[in-house]
Structure formats: structure tokens, C-alpha cells
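No value in this document is a laboratory result; all are computed from the given coordinates. Nothing here was measured: the structure is a model prediction, and the numbers come from that model. Cβ placement follows ideal geometry from the backbone for every residue including glycine, while neighbour counts extend to all protein chains displayed.
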Amino acid sequence: MSVSLVWQYLSSKRPAGISFAGMTLTMVLSLSLSLLGCSTPAPTYVGTATCASCHTSEAAAWESSDHKWAMQLPDSTTVRAAFDGEVFDHQGERFEYIRSTEGQSSGAAGLSVIARRDTFDIQYAFGHYPLQQYLIEGERGRLQALTTVWDVDKEEWYSLYPDQATPPGHPLDWQGDNLNWNYMCASCHTTGLNRGYDVESDAYKTTWAEGTVGCEACHGPGSNHVDATDESYGTTGASDGVRPTSGRADDLVLQSELAMCASCHSRRMPLVEPVPHGEDFLDLFAPRLVEDELYYDDGQILDEVYVYGSFMQSRMAQVGVTCSDCHEPHTGLRRLEGNALCMSCHVGKVESIPVHIEHNTETVDVSCETCHMPKRTYMGIDERGDHRFGIPDPVTSRAIGSPSVCSDCHGEDQNIESILATPSSRPGLAVLALRAGMTDAVGQVKEVLIDSTVSRFTKGSMIARLGQRREAGASGTDALRIMMTALSSGNPFERVGALRGFAGPGFGGPLPNLTNVFADELRWVRVEAVATALAHGINDFSEEPARSALMDYIKAQETAAERAESHLNLAGMHEVLGQMDLASKAYERAERLEPSSPEVLMAHGTFLGRWAAAVAQSDVSVWRTRRIDAEQRLRAATVLLGADAAEALFILGLYLGEERPRLPSAAEALEESYRLDPSNVRAVFNAGAARQQIGELHEAERLYLLGLDDHPGNADLRDAMVTLYIQTQRWEQASEWNQAMRRDFPGRSELLERQAWIQQRLE
């Protein structure tokens, strides 16, 4: 049977429940050959030029796409900026852009930038419109992205961080890790990438099949397809093998297309390196959920999230809409412009836009995008529409401080709310209730979870938040029940949400059995399960499937071996497993990578403190050395953090308080921590306790009263006041404070006993 006959047979004799329409052509060919009893070699990359020799129309469309211009060697056709001696000064730094024909390295096209008393050749042009960045060569195989970029429309240089100085060592330093192309950019701006990072030398040997986003970045390596294509096969059925030409996408198409696009158009972490092509997105990546620093509490975009996270919150994703329903895949452009694109599907639901929005469109410039895809600007000038396609809700926006397209025009006019449909639930208000510790917070979360209009991506994110604060009584029982149910959900976002809930600081109970999630079909869930187990100090991974899940976790950290946080995660794992020497090496590696990171220094310092305590009784010399090293790092972190050092000072204070001679220093650190963060009542309580322990009783009283000014009902501070007055034999004051506590806490029998003892002293 010829290949073409096999294709015809598969197309006409589909088994029930299987759709071949969602397969790529390579997948179909692979299956065809396997049915013939043939083995297919692992495909390799052949390059866009090879693809274009047959697929001429697709290649022509791609030529004008942002994908084609993702990364290019610099020349007169690819570089859009001026390099004619222009000088750009930013926050004390000077950049001079020059053109030369002599002394330039290969591929630099004579373009250079002079900065920090050095000259850097431009190695690549990065992007195309509305801005273009430029890559320069760094040390140890690195390419670095300049933070001074070219505004294509205005034809001028500008800074991505106009209000910040970014000197050497700054997180946004253009020679630093966060502007490192190999890690931050390369996987989505090349085809067939291998980062080639070596952790021991902290160096890259990065290679790629094609230095931009070519055909095979989306379609996968094409050698098998090229080898199988001949005159007898022709192009019969080729388009059908890529995706359906009409009708709603089936699950296979939906998942494969979203996986393909989301691999770059998302905030995510890779779980394997190198990333294979064509596998489930959630088996290869860990996407970010709706989290504080990325989204507003109602799910609107805040930071740059690259579409996937916002789109997965939408009703569009729920009903099977895919990226290519709106975007032509080879040009990347929208299939139709303006309202016509939306109305191509919604014409039966929205008969008249003016009636739908109750605005006169002849006098008011309002479109579908205006209300349902509000824009935010990133990288200074690049506007991105919110793919959540949300319905404006000024009630929620006003409560949580998120943008409101209604209020942008109508201000705080609450009459506009009367024309808007009341949603079944308001996820943003539920998050607000959780943050504030409202008594009905879990009840509001339950309303969100039973709302069929809310996506499972949103629900998973909501479930994850349940572990952030401990709920008492019935609310705590309900929260636990929600997480337990979600742990066995058929939706991976809810399973991960449950695991993060169990890992949260507010969850205090024993963990449920994690065996099923250790064996989950998706690598993302398995990795999250291990993280949750480690957070609870579980150290037995000797049996399957826990052992394999632990290996997945380790591999996931190793995919980002150039980042300190990965080594912090590995260090924490080793410590839980009792491998203290390995933990120490991982902390040291993290510190070598980011020696000025307060987070790294704090983590390393607290570890050294714990390690010191473990040998306190057996080796005084080692105990002392480790304590000195720990204090050094904790103090360095407080200096680096400055006004944000409240937590670091708190940790330092507790650490110093372990030695009686250091109690005065401990009290100073704790009081300063409380000054910076008056919400941390434990800081002022411990500061007072330290002063009380060394006999500075007036200072202790001052600190306790300072805390009670901000937290008048705090039981620990009130107990401390009673104890202090007993210690100073001020019996009347001790009695007064103790009696007040008895009235507020009638169930505490020890208060009655203490009152009787105080009364004896009064008499």
C-alpha cells in the first residue's frame, strides 16, 4: 500500500472517537508508516528555505510576520535604528551608537554601541515593530539585550526603564542575568534551541537550528516530512492534516494548537530541557496562574503575561475557540479588522452594537475591543489587548482598584451599573474577601467555583489562594473540603490549585495522601505535588510513584540551572531529605550566581543558622563559624533591602535572640523591623520580650504598649503586660490587665487561676 493510499484509507475509515483532522501532517505520516510496519527515524530540522520550496504561499505570508522578524542578523534590511553617532543619556549612563566598516567582528555589520568605556558590536536585531532591541555579546557565551531600544514610529532611542537607574549589579542591568538572551529570550526567538548551559563553568554553548521563529518552530522538525514527500504523494489532503478548514475545533486540535502557541505566548517555566515538540503543554511547562504580581485580583492583565493566562480565563477558551480562529497563523495578523472579526461569530448574539452597548457609535468611539479587550502598554510603547475578553464590572474594579473601561469615561457614576448584567459571581471580590479575612470569604469562593461561566483556570487560581490564610471553624472545614475535592478534579488547573493551597502558609493540617498526584499523567502536577510534600517536610520518596515524581522535580529545577532560585529549591529539597552537605553546596551555588540578592542571602543565612544548631552540642568551633557566616549574610540582606528590610530584620532579630549576650542587638533589629512593618505584631512582641529578659523593664513596657496601640486586642501582648507587672510587683496594674483579659477570654481557665494568685499578693 502506498503512502497516499494509506492517507486515503485513514481519512475515510476513522475509528469512533478519533479525529485525524487535528494531527499535523508529520503526525499523520508517522502513524501511516507505523501501520505499514516501518520505523520512523527521529526527525531533524531542515530549515525554512526547504519548507518554502514547496509551501510558497505560506512562506510568503510568513515573510511579513513578527515571527520572521523575531531575530535577525543585522544588515541594511533588518536594522531599523540609526547608528550614525547618536548619543542617548539615561540616568547617568551614556550610550553612543556608531557605524564603522573596520575592526568589526563577523556578522556585526559594522554597528556598535559605546557604553561603560567599552565598545560592543551589535550581534542581532531583535523584534521589528513597534520597537526594536539589539543584542550584544557578553561573557561566557552570553548574548545580552540592551535596555536602550529604538522607537520605530518616533525614530528615536528610549529606555525600557525611563524612571530607573540600572547600574552594574542592578536586577535590570543590561549586562545582568535578567537581560540575558540565552535564558530569558532565546527559546521563543529561535527554532530548535539548545541552551547548552554548564553549571560548573557558568557558561553557555548555545546552538539553534534557525536564528528566528521559522516554520519548524511551530510544525516541528521536518526531515521525515521531506523524506516522505514525493510525486506519488503530492499535496493531497495536506491542508486537512494541519487543521480543519471550517467548523468548531475538536479537542485534539484545541489542545495541540494551544500547546504550540502557549509554549511561547505564556508566562511559564519549562519542566524539561531541551523541550520536545508536539507534546502536551502542561507536560512540558508550568504556567503561571492568576497571581498577585501578574494580574489584578479580577484577572485583568497587570504584568506582561503573553496572552495564554488571560485567554484561558475567557469564555472563548471554554467553548473551544483557538488562536487561529482570530489570527491567521502564518502572518500572525487578525483575520478581519475591527468589529467584523468579533461579529463573524457573535452576529446572532449581538444584533446591534449600539443596542448592545447602549452607546451611539456615531458620536462615541466604542468598539468590541474597547470594552472587552482593554489595552496595557509594555516595553514603553507596545500596547497589548487583554485576551480575557471580560465583561466590564465597575463594582469589582472600584473595590479592588483594577482598571475599569466604564469609569475611564463615566468616572464614578454608579448609574452605569444599572445597564450592566449582574454577574453570577465576582472572583475579584472573593479574592479581596480572602485577603481581608472576611468571615464569608470561603463562601464567596464557593460561589465562584459553582459558577459555570468562570473558567477552570480561574477556579484553579482561586483554590490556590485558599492556603494563604488559615480559616477557623466551619470556614476552615469548607476550605479543606474544597481543596480535597479539587485534588481529584479532572482539570489540571484545579489539581495544581489544590496542591498550592495545601502548600500555603495558612494550611496547618496533615497533608492528604498524594500518591495519585505523584502518579499524575501531567509532569506539571507531579512536580507541584513534590513541592507541596517538601513544603510539609515529607522526606520519604523511596517508593514509586513518589520516587519518579521527585526525579521530575529535580529535572525541572535543572532546566533553569543558571538561576539562583532553582538552586534554592534544590537546597530546600536536600535539607528536607537530610542531605545537609548537598544543601550547603546548592546554597553556595545560588549565592555565586546572585551574590547581591537579598532573598538568596536570607535563605542561605537562615540555613546556616539551622545547620549550626544541629552541631551546637557536638562541635562548638563549627557552631560558632556557621553562626558568624549566617549573621554576616542576614545583615548584608538588611542593608541591600533598605526600607524593605522588615522581614530580614525580623529574621535577624530572632536569630540573634538565640544567644543571651546578643539580646540587646536582637531587640534593636526587632524594633526596627516593627517600625518598617507595624502589621507584624510578633516583631514588637519579641523586641519587648528581649528587653524584659535582660532586665530593661521600662523599655519592655514601652514596646508592649507600642504594639497595643496598633493591635489593642492582641492576647500575647496583653499577657506580656500582666507578666511584666507581676515581675515588677505592680499588683494593681497586673490585676487590672488580667481582669480585662478574663472578660474578653472567659474560656481561659488559667486567667482565673492567675487572678487568684495576684489577689493573694494584693491582700
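Which of Pro329, Ser461, Ala441 sits closest to the plus end of the dipole of the chain, meaning its Cα is farthest towards the positive end, when Lys and Arg get +1 and Asp and Glu get -1 on the C-beta?
Positive-most Cα among the choices belongs to Ala441.
So between Trp757 and Leu73, what do we pick up on full extension, going 0.36 nm a residue minus the alpha carbon distance? If you can, show how the numbers build up before the last one.
Values: separation 684, 0.36 × 684 = 246.24 nm, distance 8.47 nm.
Result for the pair: 237.8 nm of gain on full extension.
For a protection proxy built on the mean count of beta-carbon atoms within 10 angstrom, sort 743-750, 577-584, 145-152 highest first, please. Numbers along the way, then the final one.
Details: 743-750: 9.9, 577-584: 14.9, 145-152: 20.6.
The packing order, highest mean first, is 145-152, 577-584, 743-750.
Using alpha-carbon positions, what is the distance between the centroids of the range 366-433 and the range 623-661, in Å?
Using only Cα atoms to place each centre, the spacing works out to 44 Å.
Which angle from 0 to 90°, rounded to the nearest 10, does the C-alpha axis of helix 492-503 make with the longest principal axis of the chain?
Helix 492-503 sits roughly 20 degrees off the main axis of the chain.
When only C-alpha pairs under 8 Å and at least 6 residues apart count, what is the relative contact order of the chain, in percent? Please report the intermediate quantities before stating the final value.
Numbers: 1151 pairs, mean separation 52.7, N = 763.
Across the chain, relative contact order equals 7 percent.
Select one label from (i) 0.95; (ii) 1.01; (iii) 1.18: the one whose number is Rg/Rh (Cα atoms, Kirkwood Rh) as derived from the coordinates shown.
(ii)
Mind checking the angle between helix 3-12 and the chain's longest principal axis? C-alpha axes, 0 to 90 degrees, to the nearest 10.
On a 0 to 90 degree scale, this one is about 60.
Taking the Cα centre of the range 665-763 as origin, sum charge times position over the Cβ atoms of Lys and Arg (+1) and Asp and Glu (-1), and report the length of that vector in debye to the nearest 20. List each step's numbers first, then the result.
On the way: 11 positive and 17 negative charges, 59 e Å.
It works out to roughly 280 debye.
What is the magnitude of the charge dipole of the chain about its Cα centre, with +1 placed on the Cβ of each Lys and Arg, -1 on the Cβ of each Asp and Glu, and no other charges, expressed in debye to the nearest 20?
That gives a dipole near 1920 debye.
Over what distance in Å are the Cα centres of the range 577-605 and the range 177-215 separated?
So the separation of the two Cα centres works out to 25 Å.
Per residue of the range 113-127, what does 6.51 cos²θ - 1.76 cosθ + 1.60 with θ = phi - 60° give for ³J(HN,Hα)? Whole Hz please, x for Gly and Pro, Karplus curve as stated.
10, 9, 7, 6, 6, 9, 10, 10, 6, 7, 8, 8, 8, 10, x
Take peptides 56-63, 554-561 and line them up by average Cβ neighbours within 10 Å, highest first, as a rough protection proxy. Write down the numbers at each step before the final one.
Details: 56-63: 14.9, 554-561: 18.2.
Taking the mean over residues of other Cβ atoms within 10 Å, the ranking is 554-561, 56-63.
Positive end of the dipole of the range 71-204, charges at C-beta (+1 Lys, Arg; -1 Asp, Glu), about the Cα centre: which of Gln133, Tyr204, Gly176 has its Cα farthest in that direction?
Tyr204
Quick check on the chain: helices-only [θ] at 222 nm, where DSSP H runs of length 4 and up contribute -39,500 (n - 2.57) each and the sum goes over total residues. Nearest 500, please. Each step should come with its number before you reach the end.
Values: 38 runs with 361 residues, N = 763.
So the calculated ellipticity at 222 nm is -13500 deg cm²/dmol.
What does the charge dipole of the range 71-204 about its Cα centre add up to, to the nearest 20 debye, if the Cβ of each Lys and Arg holds +1 and the Cβ of each Asp and Glu holds -1? Don't skip to the answer; put the middle values down first.
On the way: 9 positive and 21 negative charges, 45 e Å.
The calculated dipole for the range 71-204 is roughly 220 debye.
Taking θ as phi - 60°, what are the ³J(HN,Hα) couplings along the range 453-458 by the Karplus curve (6.51, -1.76, 1.60), each to the nearest whole Hz, with x for Gly and Pro?
So the Karplus estimates, Gly and Pro as x, are 7, 8, 5, 6, 4, 5 Hz.
Among 277-283, 495-501, how do they line up by average Cβ neighbours within 10 Å per residue, starting with the highest? All intermediate terms of the calculation are to be shown ahead of the outcome.
Details: 277-283: 17.7, 495-501: 28.0.
By packing density, highest mean first, the sequence is 495-501, 277-283.
If I model the range 497-546 as equal point scatterers sitting on the Cα atoms and use the Debye formula, what is log10 I(q)/I(0) at q = 0.15, 0.21, 0.31 Å⁻¹?
With one equal scatterer per Cα and no solvent, log10 I(q)/I(0) is -0.35, -0.68, -1.37.
Only counting other Cβ atoms within 10 Å, I'd like Val290, Val445, Val226 sorted with the fewest neighbours first.
Values: Val290 31, Val445 24, Val226 15.
With the sparsest Cβ surroundings first, the list reads Val226, Val445, Val290.
Please report, in Å, the Rg and the Dmax of the range 251-407, where both are computed over Cα atoms only.
Rg then Dmax for the range 251-407, in Å: 16.8, 54.
Report the label-to-label distance for Phe745 and Val639 in nanometres (one decimal), using points 7 Å from each Cα along the Cα→Cβ vector.
The two pseudo-label positions are separated by 4.1 nm.
Compute the helix-to-body angle for 473-487: its Cα long axis versus the longest principal axis of the chain, expressed 0 to 90° and rounded to tens.
Taking the Cα atoms of the chain, the angle to 473-487 is about 30 degrees.
What number do you get for the range 71-204 when its Cα radius of gyration is normalised by 2.2 N^0.38 Å, N = residues? Mind showing how you got there, number by number?
Numbers: Rg = 14.5 Å, N = 134, 2.2 N^0.38 = 14.1 Å.
So the range 71-204 has a normalised radius of gyration of 1.02.
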